[in-house]
Amino acid sequence: MFTKLYIDGKWADSSDGRTFDVLDPATEEVLATVAEATPQDGVRALDAAVAAQASWGKTAPRARAEILRKAFELVAERTEEFAQLITSEMGKPLAESRAEVAYGAEFLRWFSEEAPRVSGRFTTAPDGKNRLVTVKRPVGPCLFVTPWNFPLAMATRKIAPAIAAGCTMVLKPAELTPLTALLFAEVLTEAGLPAGVLNVVTTTDPGAVTGPLLRDPRLRKLSFTGSTAVGKKLIAQSADQVLRVSMELGGNAPFLVFEDADLDAAADGAVLAKLRNGGEACVAANRFLVHASVAEEFTRKLAARMRDYPLGPLVDAKTRAKVSELVEDAVEGGARVVLGGKALEGKGFFYDATVLTDIPVGARLLSEEIFGPVAPVVTFESEEDAVRLANATEYGLVCFAYTRDLHRGLRLAETLETGMLGLNTGIVSNPAAPFGGVKHSGIGREGGAEGIEEYLETTYVAVSDPFGSV
Ligand SMILES: NC(=O)c1ccc[n+]([C@@H]2O[C@H](COP(=O)([O-])OP(=O)(O)OC[C@H]3O[C@@H](n4cnc5c(N)ncnc54)[C@H](O)[C@@H]3O)[C@@H](O)[C@H]2O)c1
Ligand SMILES: O=CCCC(=O)O
């Protein structure tokens, strides 16, 4: 296991020798002891990124593409090693960890193909005189802060486009899951990434380490994935240096089932949207809004599928306590427990797959991100009712809808306040597509053709009319 800081291509203890423990959520035992970065270590990491930026930004796009392609191949070869580490760090079942490795690696392949395709524009001004030239160049040194729930994919979703664009970076992974990020740093080194391009600092005091970096005029970009509450703090801190920010924040996904839906397909999609990563996903279905006429049959199908789903533990005691609190609040207000409804006894932060109906108006789990295997079912009477309920939170990351009516699907794409819409599917995540939200779910997009733009600046050059007098 890699447990030291990774700065300027070298593994190092923290400058004051302090460390912190990483727990296995299935056993609650210590998995590893990792270096605890000091604020000075964070600055050293930025120093290394700044020193490498000029040369790295000038490397040939093809050279950057080949490093990404090699990293893709190395991650794929080491799938089992990464999967075991992800499961040990945050608890998702091994099969889901293997799926995350494939998903995370795909960002490396996708942006290896995007790197040589960064292009500007050469046009003639509308009056036929000046030539208008736009060129793209790397935004500069970046700071990445990532969450624990997809410890590889949330890192590669930032690192890959940044490398493709020619940026250097400092990565601060979640304190719950630092090991996956450190292993990935080793793989990138093996793939040929030069020293200083990627630097990784691990800490249980993120604010102390990132604060000085956000105030440093040499930093040009912050890309954050995590809760909306922390995202808001970081946006405010980014104002000081007018940083480019990308924010992938919290969600509260509605899952709509209309009266004409294929209920078996909807129940299959619902289980995927609810229980992928045990519900610890920003795109997890948080509210099931079902047409009254099919609610009973859909709920029965959903509960039958959730009952047998292989769940891992939640990531820590705090996350499980929050899930318990939200379920108890709903039940105390009158919600009916169709399935589950409690934490499991014994070692590990396990919580039962849970389905609730008769949700009281104002129940906290309808407005707060559950981040666990709990499915509240609410009924609606009309499409307008469904859209109103779906839009009734400050979030707007993803929405899912099952209907066989094409026009209704197209109407939903224009009336739902969301960055992403899954139509008759329970998963939208794809490195070839722009992932991101609106409202309090974020700013910017990761993946797709849009993802690399987050790491590019545009320079516009006005050239006088070549046929005019100079
Ligand atoms: N939109 C997305 O793509 C996406 C993806 C994954 C997770 N998330 C969201 O992330 C949340 C769960 O992840 P989490 O618990 O790790 O979120 P979190 O916001 O608690 O932590 C995310 C990261 O921010 C760091 N952090 C916390 N406080 C900080 C501070 N004051 N200054 C600097 N860094 C700080 C943490 O150490 C961690 O690395 C959920 O809300 C989920 O919806 C969103
Ligand atoms: O929860 C985080 C995002 C997961 C995904 O990209 O599908």
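Summary table
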quantity	calculated
At 1.306 mPa s and 10 °C, Stokes diffusion of segment 253-423 via Kirkwood alpha-carbon radius, µm² per second	100 µm²/s
Span from the segment 84-154 Cα centroid across to the segment 1-54 one, whole angstrom	23 Å
Where a label projected 7 Å from the Cα of residue 131 along Cα→Cβ would reach, residues of segment 444-460 with amide N under 13 Å	none
Cα-based convex hull, segment 154-251, per residue volume (Å³, whole number)	103 Å³
Farthest positive-ward along the chain dipole, Cα basis, beta-carbon charges - from 17, 293, 448	448
Kirkwood Rh in Å, taken over all unlike Cα pairs in segment 264-339	13.6 Å
Helix axis angle, 153-165 relative to the chain longest principal axis, alpha carbon, degrees	20 degrees
Segment residue 29-residue 425, length gained on full extension (0.36 nm per residue, minus Cα span)	138.8 nm
Overall dimensions of segment 349-404 by Cα: Rg and Dmax, Å	12.7, 40
Accessible area per residue in Å² at 1.4 Å probe, computed on segment 37-163	39 Å²
Distance in nm between pseudo-label sites at residue 384 and residue 300 (7 Å out along the Cβ direction from Cα)	3.2 nm
Model label zone, residue 449; criterion: amide N under 17 Å from point 7 Å along Cα-to-beta-carbon; scope segment 409-428	none
Full-stretch length increase - residue 342, residue 66 - with 0.36 nm per residue and alpha-carbon distance subtracted	94.4 nm
Positive-pole candidate from 463, 183, 420, dipole of the chain, charges at beta carbon	463
Debye, to nearest 20: dipole size of segment 253-423, +1 on Lys, Arg Cβ, -1 on Asp, Glu Cβ	540 debye
DSSP-defined beta bridges in the chain - what % are antiparallel, rounded to 5	45 percent
Sorted largest first, extent of segment 139-206 alpha carbons per principal axis (Å)	29, 25, 18
Backbone N within segment 188-208 under 17 Å of label point (7 Å from residue 55 Cα along the Cβ vector)	189-199
Mean-position separation - Cα centroids, segment 235-289 and segment 447-470, in angstrom	35 Å
Debye log10 I(q)/I(0) at q = 0.09, 0.12, 0.14, 0.21 Å⁻¹ for segment 77-222, Cα point scatterers	-0.35, -0.56, -0.71, -1.31
DSSP loop GluC sites (Glu not before Pro) with at most 12 other Cβ within 10 Å: longest gap in the chain	1-344
Projected area averaged over orientations for the chain, convex hull of C-alpha atoms, nm²	24.2 nm²
Residues of segment 279-404: accessible area per residue with a 1.4 Å probe, Å²	41 Å²
Percent RCO, i.e. relative contact order, over the chain, from Cα pairs under 8 Å lying at least 6 residues apart	18 percent
Calculated [θ] (222 nm, deg cm²/dmol) that DSSP helices of n ≥ 4 give over the chain, each run adding -39,500 (n - 2.57)	-12000 deg cm²/dmol
Between 0 and 90°, nearest 10: helix 263-275 axis offset from the chain longest Cα axis	60 degrees
Segment 300-346-segment 398-435 distance, computed between alpha-carbon centres (Å)	27 Å
Accessible surface of the chain [probe 1.4 Å, protein heavy atoms]: carbon and sulfur percent	55 percent
Estimated FRET transfer efficiency (residue 215, residue 461; beta-carbon r; R0 30 Å; 0.05)	0.40
Stokes-Einstein D (µm²/s) once Rh is taken as the Kirkwood radius of segment 226-278 over alpha-carbon pairs, at 25 °C in 0.890 mPa s	174 µm²/s
Degrees between helix 317-332 axis and first principal axis of the chain (Cα, 0 to 90, nearest 10)	40 degrees
Extreme residue, positive dipole direction of segment 1-133, given options 128, 31, 55 (C-beta unit charges)	128
Set 136/172; 301/342; 318/439; 70/347; 4/233; 129/158 screened for pairs whose C-alpha atoms are more than 31 Å apart	70/347; 129/158
For segment 301-391: span of alpha carbons on each principal axis (Å, largest first)	45, 26, 22
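The values are calculated or read from the model by the stated rules, or taken from the named source; none is laboratory data. Values in this document were obtained by computation on a predicted structure and should not be read as measured data. Cβ sites come from the backbone with ideal geometry, for glycine too, and all protein chains shown count toward neighbours. Quick note on the areas: whole protein, heavy atoms, side chains included, nothing else; ligands and nucleic acids left out. Shrake-Rupley method; radii C 1.70, N 1.55, O 1.52, S 1.80 Å.
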